[in-house]
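Student: One structure is given below, represented as structure tokens, and several questions about it will come after.
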Amino acid sequence: MLNLNSIFAQQQQTALEFRKSTAKERIERIKRLVAAIEKNEADLVNAVYTDFRKPPQETTATEILSSLMDARHAIAHLPNWMKPRKVGTPAPLIGSRSYIHYEPKGVALIIAPWNYPIYLTLGPLIYALAAGCTAFVKPSELTPHTAAAISGTIAEAFPPQEVVCVEGGPETAQALLELPFNHIFFTGSPAVGKIVMQAAAKHLASVTLELGGKSPVVVDETADLQDAAQKIIWGKLINCGQTCIAPDYVLVHRQHQEALISQMKNVIEQFYNSDGKGIANSTCYARIVNARHFHRIDQLITDALDKGAQIAVGGNTIAQERFIEPTILKQVTPDMKIMQEEIFGPVLPVLAYDQLSKAIEWINGLAKPLALYIFSKKKEHINRILQETSAGGTCINDCIVHLVNNQLPFGGVNHSGIGKTHGFYGFEAFSNARAVLRQRVGFTSVKALYPPYSSKTHRMLQLMRRFFA
Ligand code: NAD
């Protein structure tokens, strides 16, 4: 049993040392993690398969390669990210120089979800190390084999006074949240995000909250339906729909509704049933993580059908296996639960619209999503959707892949998250942007404002108002 208080105190000491760390030293730590990931890769991939039958190819692409790519990007750019950033000097401060110095926040807590259990644990850790922080890492209890493999990987790379992995569920997370962390990086549901933010308030810890929500797709009357169908189905069904930025529902121009559904049906067959053995036998299709989530999704379908929705594709389930067939629903209305909560499974409601303004109204009637996807060839429509909606990120004529570009900030907005990660933005999340102004000895441009105040001060304030305010 780990003594959390004692390790925390040790990490606080290490964090003071790490404040002085050079780019070379931080890169050495990231490389240690990379070596441990590479050494344990097979165990990690097998563990995810054991937890929810995620196809090894998907784990390699979305968990291992993503982590290694983030590490490589951080290693390449860290010396530059760490450089003090010079900023301009306004006229009233003439004679001085100013810059931003990125210093490590200190001891960080990373709480991860189960759906991309490796990447969403080790990805943030890479940025914590890049920023010069020490870290407590808590993987999800819902993927216990992966949590154990991650714990072993971390223990091989770091002593606990630098990075420690603490396995356990909500109680463990609650115990960790009692500690006065300097930064908390949480990835998970909006409901738990609120609990984390409340706990952070006790110590005024800064937070990055990477949350979820209902990410819409708009397919307008100019879209290439075959292209859209392929990209939407890939984005929806990778990880069996359990992806934070998976398309949650589709808003399609009414004239294309049936054609899009039919194209999506074909794509599902191509991807998961090309050998004709049935999707339940496909080696490319994962399972729902546990019985609770299986029943939650099953009930979303039942509720929608009870309220008048129709199954356009799929609909079959195998409870013992936690298998849900890729399912497309139509005749969906806003009063159905499936249109009120994040689906997080392989079920795709399709809603038809006649006017783009109606689609925009639907989107704006729900909380701001983590991602919003637009399939259109019409610039005017694309610009209108971008201007009239808000989302953490957007792909135009594709799904998911904005996450791969490390030059783009990744994160939500309000209900879908607070703060950003990936690339420089990940480094920034774990860093304090310290403002530094260097003045010349024996000189200050604001001397005229020193007391005792007189008519001279008054004249100076008038001049300042005239020229600078
Ligand atoms: P979750 O919120 O249930 O759990 C996430 C983590 O919080 C786990 O480690 C869990 O042990 C811990 N936790 C659970 N209850 C807690 C409590 N009461 N107090 C403290 N900690 C608690 O989320 P999940 O089911 O693991 O993941 C699914 C959610 O995560 C979805 O909403 C999805 O959209 C979101 N998500 C977001 C991103 C992103 O990058 N924005 C990525 C993946 C998943």
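Student: Please go through the stretch 3-21 and pick out each residue that is in contact (Cβ under 8 Å) with a residue 40 or more places away in the chain and hydroxyl-bearing (S, T, Y).
Tutor: T14, S21
Student: From the list L33, L78, which one is assigned by TED's automatic domain parsing to the domain that holds T421, surrounded by 16 or more Cβ atoms within 10 Å (Cβ to Cβ) and under 22 Å from P159 (Cα atoms)?
Tutor: It is L33.
Student: Among the residues of the stretch 397-407, are any away from the ligand (no atom under 13 Å from the Cβ) and farther than 24 Å from V218 by Cβ?
Tutor: yes
Student: Can you name every residue in the stretch 207-255 that is among the hydroxyl-bearing types (S, T, Y) and either within 16 Å of the ligand (Cβ to nearest atom) or buried (at least 23 other Cβ atoms within 10 Å of the Cβ) (or both)?
Tutor: T208, S215, T243, Y249
Student: Of all residues in the stretch 81-102, how many are within 12 Å of A23 (Cα to Cα) and either assigned by TED's automatic domain parsing to the domain that holds T444 or surrounded by fewer than 16 Cβ atoms within 10 Å (Cβ to Cβ) (or both)?
Tutor: Number satisfying all stated conditions: 1.
Student: As an exercise: evaluate A304 against (1) away from the ligand (no atom under 16 Å from the Cβ); (2) closer than 30 Å to F410 by Cα and give the number of the one condition it does not meet.
Tutor: (2)
Student: Limited to the stretch 256-298, what total is found for residues that are surrounded by 13 or more Cβ atoms within 10 Å (Cβ to Cβ) and either within 16 Å of the ligand (Cβ to nearest atom) or without any contact (Cβ under 8 Å) to a residue 40 or more places away in the chain (or both)?
Tutor: 22
Student: Assuming A367 fulfils every condition listed in (1) over 24 Å from E341 (Cβ atoms); (2) surrounded by fewer than 20 Cβ atoms within 10 Å (Cβ to Cβ); (3) not polar (S, T, N, Q) apart from one, which condition is it?
Tutor: (1)
Student: Out of (1) assigned to a strand (DSSP E or B); (2) farther than 22 Å from E210 by Cα, what's the single condition that is false for P79?
Tutor: (1)
Student: Out of the residues in the stretch 382-396 that are assigned to a loop (DSSP other than H, G, I, E, B) and surrounded by fewer than 21 Cβ atoms within 10 Å (Cβ to Cβ), which is nearest to the ligand (Cβ to nearest atom)?
Tutor: S390
Student: Is there a residue in the stretch 371-381 that is part of a helix (DSSP H, G or I), free of Cβ contacts under 8 Å to residues at least 40 places away in the same chain and not aliphatic (A, V, I, L, M)? Even if it seems obvious, please write down each step before you answer.
Tutor: Filtering the stretch 371-381 for residues part of a helix (DSSP H, G or I) gives 379-381.
Remaining after also requiring free of Cβ contacts under 8 Å to residues at least 40 places away in the same chain: 379-380.
Next, only the ones that are not aliphatic (A, V, I, L, M) stay: 379-380.
Yes, because at least one residue in the stretch 371-381 is part of a helix (DSSP H, G or I), free of Cβ contacts under 8 Å to residues at least 40 places away in the same chain and not aliphatic (A, V, I, L, M).
Student: State whether the residues of the stretch 437-455 include one that is loosely packed, with under 10 Cβ neighbours inside 10 Å, without any contact (Cβ under 8 Å) to a residue 24 or more places away in the chain and charged (D, E, K, R).
Tutor: Yes, the stretch 437-455 has at least one match.
Conditions (1) more than 16 Å from the ligand (Cβ to nearest atom); (2) without any contact (Cβ under 8 Å) to a residue 24 or more places away in the chain, marked per residue:
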position: L78; (1), (2): yes, no
position: W81; (1), (2): yes, no
position: P84; (1), (2): yes, no
position: V87; (1), (2): yes, yes
position: A91; (1), (2): yes, no
position: G95; (1), (2): yes, no
position: Y99; (1), (2): yes, no
position: E103; (1), (2): yes, no
position: I111; (1), (2): no, no
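Student: Further question on the same structure: For the stretch 416-424, check the following and say yes or no: at least one residue is closer than 30 Å to L122 by Cα, assigned to a helix (DSSP H, G or I) and more than 15 Å from the ligand (Cβ to nearest atom).
Tutor: yes
The values are calculated or read from the model by the stated rules, or taken from the named source; none is laboratory data. Everything numeric in this text was worked out from a predicted model, so none of it was measured. As a convention, Cβ positions derive from the backbone with ideal geometry for all residues, glycine included, and neighbour counts pool all protein chains shown.
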